[in-house]
Amino acid sequence: MRGTRTGLRTLSNMCGIIGYVGEQPALEVVLSGLRRLEYRGYDSAGVAVVGGGVLRTARRAGRLANLEKVLDESGEQMPGTTGMGHTRWATHGGPTDVNAHPHTDCTGAVAVIHNGIIENFAELRSELEAAGHELSSETDTEVVAHLLEIEIARAAAAGPAASSVSSGSVSSGFGQPVASEHPVTEALRVVCRRLRGAFTLVVLHRDHPGVVVGARRNSPLVVGLGVGEAFLASDVSAFIAHTREALEIGQDQVVEARPEGVTVYDFDGTPVEGRRYHVDWDASAAEKGGFPYFMLKEISEQPEALADTLRGRLSSEGAIVLDEERLSDQDFRDIDKVFIVACGTAYHAGLIAKYAIEHWTRLPCEVEMASEFRYRDPVLDRSTLVIAISQSGETLDTLMAVKHAREQKARVLAICNTNGSTIPRESDAVLYTRCGPEVGVAATKTFLGQVAACLLVGLFLAQTRGVLYGDEVAAYVDRLQRMPELVRRTLGTVEPVRELARSLADAKAVLFLGRHVGYPVALEGALKLKELAYMHAEGFPAGELKHGPIALIEPGLPVVVVVPSPRGRANLHGKVVSNIQEVRARGARTIVIAEDGDTDVEPYADHLIRVPATSSLFAPLVTTLPLQVFACELALARGLDVDQPRNLAKSVTVE
Ligand code: M6R
């Protein structure tokens, strides 16, 4: 008996994965890749290396540092140039050593790491146990190792002729062509056909050094193409220090990587071509660059990130340019309603987009949390445009909303920061935010990129549909292009916000109020504070407060109010000033974010944070900044890790 089965269900998700095959010591490559991937999950970590006819594994609960310490202290040598590693984020059950990846089969010859959920694992597990297999962990992943054990043995018993489906007929991503499908590759694709759910799998076999095999369905997997080496990873940051050449792996595909080449098959064994691309940022972009935390670096990078999102968006003919467009202008003219689907911070960007899209295009626009979208059976058809916003391009809730929309024949436009990720690949048109890698779990610079991208999409729709003239669009773009400078100026004035945040480190709760586009900004400020400082924080439409939440106000409660411009939205401005007075009259400590020159708020602001004046729809690009700084500094004052807040992961690849 290798272990006991408990009733506890432990699933593995949202993890960081790296596989390596080449000439370098695999353990070093894998550990350095895991350091870059740890933001994807940090409940436990593990590695496996094949060398000298031995498959060695090591795994530990907790952060990667725990595993590295154990490896250092034990002096464990893991020689070999074929290896893989995993950082885990679990949904159920304890993140223990036993549940950490890699998982192995009964013989100890097969090792598997996994990201996603295998939904039918319980029935597969019962089947395996009935056949005499002993499973030691509570994970869904372990069933794959045992299924592979069976499949590899079956193919070996059947003989070489039966175990290769495509001899000589291959697609090599780079280097020399590879001769024929490897037995582990064949076994993996056969096993994958039995799995339900979402998964990225990477597999090593003790008897097959020099080969690492991966597969994906609804979960990310990208290949790094080096010279005499290859990488399989959750995202390019894992191998960016080694190569910037990458290969996309499509849905329901298996990839076999060897030092001399990479071969991709579909789950039926038919060779397929992957799409190669060059990563347009380098390893330094994914390093802290002298900042103590990625989040601080990423906040400071916002002027450049915003400028990169906006760069080159107006063609010489004066038209807004998307990055990919598989729809005609007529398709866009036929649109009669817009849905925006997204999660978390991206959802807040979508809420801001609604104001711009409705104002500029006169199309009705609804914004919906992606996790709710498909379950309420929304009314969609080919004249519906669904805009999916996702930094990672892998958020499963958003991906499933996209798939549902496409099944209903709706058109899908993706706003995404990650080239080669799944959501843009599943969409009809794409606008990339080009903010570079964002490592801190809290979205900062990519939020600004998303807001700017939404504004561009609004202008694109208005122009294509003939609602705005070319010169009007050009004037908006011109004003947008001045925003990075205003962002830089705003970031230069946030020191008092840091001081204020430190003084509130012991506060129990903070409320955030806003109206119009200030309302999503309030929601974003509250989300940042929740996820970073673990503090109760809520965002409300300022006008809604009197319908209930005002009962929460008690003496000393910090209330942040995002004030609209007195010039752009004069009627709204007056109402928000009244709302500030309402909470102050009940003892709240008011923290007011208002544009330069707005003197009306001064009598009612216990703390006044100034931002540069700009047009109403662009204001979130500056009003959000003090809120990011506020949450980050308050969390640091509480002694918390702002890059890897508890319970979270950067890319949420489960529903
Ligand atoms: O990768 P996505 O933009 O699809 O991620 C969506 C959310 O999970 C994400 O914005 C999350 O809310 C952030 N941690 C917020 O800072």
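Listing for the model above:
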read-out: Any hit, the range 24-40, residues being of a type in the set (V, I, T), modelled with pLDDT of 80 or more and not in a strand (DSSP E or B); value: yes
read-out: Verdict on V112 being within 30 Å of the chain's Cα centre (by Cα), touching a residue at least 24 places away in the same chain (Cβ under 8 Å) and closer than 21 Å to G269 by Cβ; value: yes
read-out: Qualifying residue in the range 608-630 (condition: surrounded by fewer than 16 Cβ atoms within 10 Å (Cβ to Cβ) and closer than 18 Å to L504 by Cα); value: no
read-out: Pairs, first touching a residue at least 24 places away in the same chain (Cβ under 8 Å) and under 17 Å from V386 (Cβ atoms) in the range 344-365, second among the aromatic types (F, W, Y) and not in a helix (DSSP H, G or I), C-beta under 9 Å, six or more apart; value: C365/F339
read-out: Which listed residue, of L527, L504, is within 24 Å of E633 (Cβ to Cβ) and under 27 Å from the mean Cα position of the chain (by Cα); value: L527
read-out: Qualifying residue in the range 450-472 (condition: free of Cβ contacts under 8 Å to residues at least 24 places away in the same chain, of a type in the set (D, E) and farther than 30 Å from S284 by Cβ); value: yes
read-out: Matching residues, the range 542-574, being part of a helix (DSSP H, G or I) and either touching a Cys at 6+ places or on another chain (Cβ under 9 Å) or more than 20 Å from G525 (Cβ to Cβ) (or both); value: K546, H547, A551, A570, N571, G574
read-out: Residue in the range 621-635 that is free of Cβ contacts under 8 Å to residues at least 24 places away in the same chain, outside the structural domain of L296 (by TED's automatic domain parsing) and of a type in the set (D, E, K, R) present; value: no
read-out: Some residue of the range 364-381 being more than 16 Å from the ligand (Cβ to nearest atom) and buried (at least 24 other Cβ atoms within 10 Å of the Cβ); value: no
read-out: Filter result for Y469 (hydroxyl-bearing (S, T, Y) and at pLDDT below 95); value: yes
read-out: Spans of helices (runs of 4 or more DSSP H) in the range 274-340 with at least 2 residues among the acidic types (D, E); value: 302-310, 329-333
read-out: Breaking point among (1) at pLDDT below 95; (2) closer than 28 Å to P292 by Cα, for F630; value: (1)
read-out: Of the criteria (1) charged (D, E, K, R); (2) out of contact with any Leu (no Cβ under 9 Å at 6 or more places or on another chain); (3) buried (at least 24 other Cβ atoms within 10 Å of the Cβ), which one R482 fails; value: (3)
read-out: Among residues of the range 442-487, those that are in contact with a strand residue (DSSP E or B) (Cβ under 9 Å, 6 or more places away or on another chain) and within 16 Å of the ligand (Cβ to nearest atom), counted; value: 5
read-out: Residue match in the range 388-409 (condition: more than 15 Å from the ligand (Cβ to nearest atom), assigned to a loop (DSSP other than H, G, I, E, B) and more than 12 Å from the chain's Cα centre (by Cα)); value: yes
read-out: Residue in the range 227-237 that is surrounded by fewer than 21 Cβ atoms within 10 Å (Cβ to Cβ), modelled with pLDDT of 95 or more and not assigned by TED's automatic domain parsing to the domain that holds A401 present; value: yes
read-out: Condition check for A570: of a type in the set (A, V, I, L, M, F, W, C), at pLDDT below 90 and over 21 Å from S503 (Cβ atoms); value: yes
read-out: Selected residue (criterion: farthest from the ligand (Cβ to nearest atom)) from residues of the range 610-655 that are polar (S, T, N, Q) and outside any loop (DSSP other than H, G, I, E, B); value: S616
read-out: Checking L188 against (1) more than 26 Å from the chain's Cα centre (by Cα); (2) without any contact (Cβ under 8 Å) to a residue 40 or more places away in the chain, the condition it does not meet; value: (2)
read-out: Residue that is farthest from the ligand (Cβ to nearest atom) [pool: residues in the range 422-441 that are among the hydroxyl-bearing types (S, T, Y) and crowded, with 24+ Cβ neighbours inside 10 Å]; value: S427
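The values are calculated or read from the model by the stated rules, or taken from the named source; none is laboratory data. Owing to the predicted nature of the structure, the values given are computational and were not obtained by experimental measurement. Cβ coordinates were reconstructed from backbone atoms using ideal geometry, including for glycine residues, and neighbour counts include every protein chain displayed.
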